[in-house]
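Chemist: Could you have a look at this structure, given as structure tokens, before my questions?
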Amino acid sequence: MNNSTVANRRTFQPWNDPKENPFVEFRNITKRYGDVTAVDNLSLSIYEREFFALLGPSGCGKTTLMRMLAGFETVSEGAVFLAGEDLASTPPYHRPVNMMFQSYALFPHMNVEKNIAFGLKQEGMPTGEITDRVAKMLALVKMEEFAKRKPNQLSGGQKQRVALARSLAKQPKLLLLDEPLGALDRKLREETQFELIDLQEQLGITFMIVTHDQEEAMTVADRIAVMDRGRLVQVDPPMAMYERPRSRYVADFLGNINLIEAKVQNVSKGFVRLETKDGNSLLVESEASVSSGDTVWFAARPEKLQIDLKKPKSGNLMSGEVWDIAYLGDLTIYKVKLDSGEYVKASVLNRAVSSDRPISWEDKVWLSCPNDAALVLTS
């Protein structure tokens with residue numbers, strides 16, 4: 001990622017500027033298929049030049065929402081606006097929107113440059129302009145040397161680049177990406193994510209990506225919308241979504257998290273005192289709206305928990321036994337069975353080269369967590 005991209009992403013927050021008008025608006029959108037409601041009274045605003053991610057499990061309605069924006073699905077109730085214009089009467093082929101499908105949908109009998117040129121020819125663009133546009137697209141996705149190859153002569157990553165070039169060739173104002181990296185292996189997928197960020201910044205086009213991959217959404221998006229059963233659960237930038245989820249559903253869906261049921265003992269000056277089932281007293285810095293006696297959940301990411309063989313002198317403390325260990329190279333994950341019988345995970349970054357582990361299976365250990373590193377979740 002180049003320096004200009006980093007600088008722009010740091011300052012780009014149009015959703016916090018009341019003077020900014022949304023580029024895409026879903027207003028009270030509902031989509032039904034017979035008795036099934038795929039999208040349920042959903043409202044959402046997306047801003048120009050934003051890289052926006054729709055995240056959720058299969059069947060949550062994210063692809064349906066995207067297809068309504070593209071015009072491939074009709075709206076049962078509500079309205080979709082693009083740049084202030086109601087799209088209800090605009091057919092898909094007249095919308096300044098293009099969609100890149102998960103399958104890539106390349107024409108097998110055409111070579112790379114002809115695949116990219118197809119949409120331009122359909123629009124009647126002059127041959128000279130098509131040649132120039134295709135050359136620019138090939139250079140943009142670094143596929144110049146593969147121009148004469150057919151799709152069956154390309155790798156998965158190369159096909160993905162061709163599909164992306166074809167989607168961008170018509171210079172849409174909005175590019176929709178439906179699970180675009182799902183067919184790539186992990187390493188190539190990670191590399192391509194950063195290439196997409198640079199490409200989107202370079203072109204200045206609004207991108208909207210649908211994915212079920214949490215890491216992918218966290219990497220590429222300016223903001224993420226988490227969906228569940230046709231509704232929005234939370235919309236936030238990646239860091240806010242991860243560090244301050246508003247529900248157990250979001251916390252659990254976006255990365256690993258430990259959730260321990262507890263009772264509120266008291267609330268005082270921005271702190272909440274909790275008691276767990278096994279009698280542990282936990283103090284959390286929190287503005288959660290709770291009262292004494294409420295049932296809540298103490299939530300802490302594995303990397304926020306420190307694991308020790310000796311009892312620490314401070315922090316929220318829990319004790320247990322190491323039940324399992326997963327060595328992943330860059331970090332080690334310890335699964336600990338607490339005295340209450342609940343299981344939690346603690347992850348430790350492997351900073352130094354070592355052939356042994358100071359903590360092993362069946363060790364009695366202590367877990368500690370600072371007051372400001374945990375959350376109190378009420379739902």
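The values are calculated or read from the model by the stated rules, or taken from the named source; none is laboratory data. These figures come from a predicted structure and were not determined experimentally. All Cβ positions, glycine included, derive from the backbone under ideal geometry; neighbour counts span all protein chains shown.
Chemist: What's the total number of residues in segment 144-191 that are in contact with a Gly (Cβ under 7 Å, 6 or more places away or on another chain) and under 29 Å from Arg95 (Cβ atoms)?
Modeler: Matching residues across segment 144-191 total 5.
Chemist: For segment 13-27, enumerate the residues that are in contact with an Asp or Glu (Cβ under 7 Å, 6 or more places away or on another chain) and not in a helix (DSSP H, G or I).
Modeler: Hit for segment 13-27 is Phe23, nothing else.
Chemist: For segment 250-279, how many residues are surrounded by fewer than 17 Cβ atoms within 10 Å (Cβ to Cβ), in contact (Cβ under 8 Å) with a residue 40 or more places away in the chain and within 15 Å of the chain's Cα centre (by Cα)?
Modeler: Final tally of qualifying residues: 2.
Chemist: Restricting attention to strands (runs of 3 or more DSSP E) lying wholly within segment 33-102, give those where 3 or more residues are over 17 Å from the mean Cα position of the chain (by Cα).
Modeler: Result: 36-46, 77-82, 97-100.
Chemist: Against the condition β-branched (Val, Ile, Thr) and either under 20 Å from Leu196 (Cα atoms) or outside the structural domain of Arg223 (by TED's automatic domain parsing) (or both), how does Val75 come out, does it pass?
Modeler: no
Chemist: Could you check segment 175-186 and list, in sequence order, the residues that are of a type in the set (D, E, K, R) and modelled with pLDDT of 80 or more?
Modeler: Asp178, Glu179
Chemist: Here's a follow-up. Evaluate segment 280-300: report whether one residue or more is touching a Cys at 6+ places or on another chain (Cβ under 6 Å), buried (at least 19 other Cβ atoms within 10 Å of the Cβ) and among the small types (Gly, Ala, Ser).
Modeler: Among the residues of segment 280-300, at least one is touching a Cys at 6+ places or on another chain (Cβ under 6 Å), buried (at least 19 other Cβ atoms within 10 Å of the Cβ) and among the small types (Gly, Ala, Ser), which makes the answer yes.
Chemist: Filter segment 50-63 for residues that are at pLDDT below 95 and out of contact with any helix residue (DSSP H, G or I) (no Cβ under 7 Å at 6 or more places or on another chain); which is surrounded by the fewest Cβ atoms within 10 Å (Cβ to Cβ)?
Modeler: Ser58
Chemist: Here is a further query. Could you check Gly293 against (1) at pLDDT below 90; (2) at positive phi and say which number it fails?
Modeler: Here Gly293 clears every test but (1).
Chemist: If I filter segment 124-146 down to residues being surrounded by 12 or more Cβ atoms within 10 Å (Cβ to Cβ) and among the β-branched types (Val, Ile, Thr), which single residue comes out as nearest to Leu164 (Cα to Cα)?
Modeler: Filtering first and then ranking leaves Val141.
Chemist: Restricting to segment 158-194, name every residue that is surrounded by fewer than 17 Cβ atoms within 10 Å (Cβ to Cβ) and in a helix (DSSP H, G or I).
Modeler: Selection gives Arg186, Lys187, Leu188, Glu190, Glu191, Phe194.
Chemist: Further question: When you go through (1) touching a residue at least 60 places away in the same chain (Cβ under 8 Å); (2) surrounded by 19 or more Cβ atoms within 10 Å (Cβ to Cβ); (3) out of contact with any helix residue (DSSP H, G or I) (no Cβ under 7 Å at 6 or more places or on another chain) one by one for His212, which number turns out not to apply?
Modeler: Here His212 clears every test but (2).
Chemist: Please count how many residues of segment 307-343 are under 23 Å from Val376 (Cβ atoms) and assigned to a strand (DSSP E or B).
Modeler: Final tally of qualifying residues: 9.
Chemist: Here's something else I'd like to know. Name the pairs: first residue in segment 142-163 and modelled with pLDDT of 85 or more, second residue among the hydroxyl-bearing types (Ser, Thr, Tyr), Cβ to Cβ under 6 Å, at least 6 apart or on different chains?
Modeler: Pairs found: Lys159/Tyr104; Ala163/Tyr104.
Chemist: Which of (1) under 13 Å from the mean Cα position of the chain (by Cα); (2) modelled with pLDDT of 90 or more; (3) surrounded by fewer than 22 Cβ atoms within 10 Å (Cβ to Cβ) does Arg229 not meet, given it meets every other one?
Modeler: Evaluating Arg229 over (1) under 13 Å from the mean Cα position of the chain (by Cα); (2) modelled with pLDDT of 90 or more; (3) surrounded by fewer than 22 Cβ atoms within 10 Å (Cβ to Cβ) leaves (1) as the failure.
Chemist: Suppose we filter segment 344-369 for residues that are under 27 Å from the mean Cα position of the chain (by Cα) and either assigned to a loop (DSSP other than H, G, I, E, B) or modelled with pLDDT under 90 (or both); how many remain?
Modeler: 2
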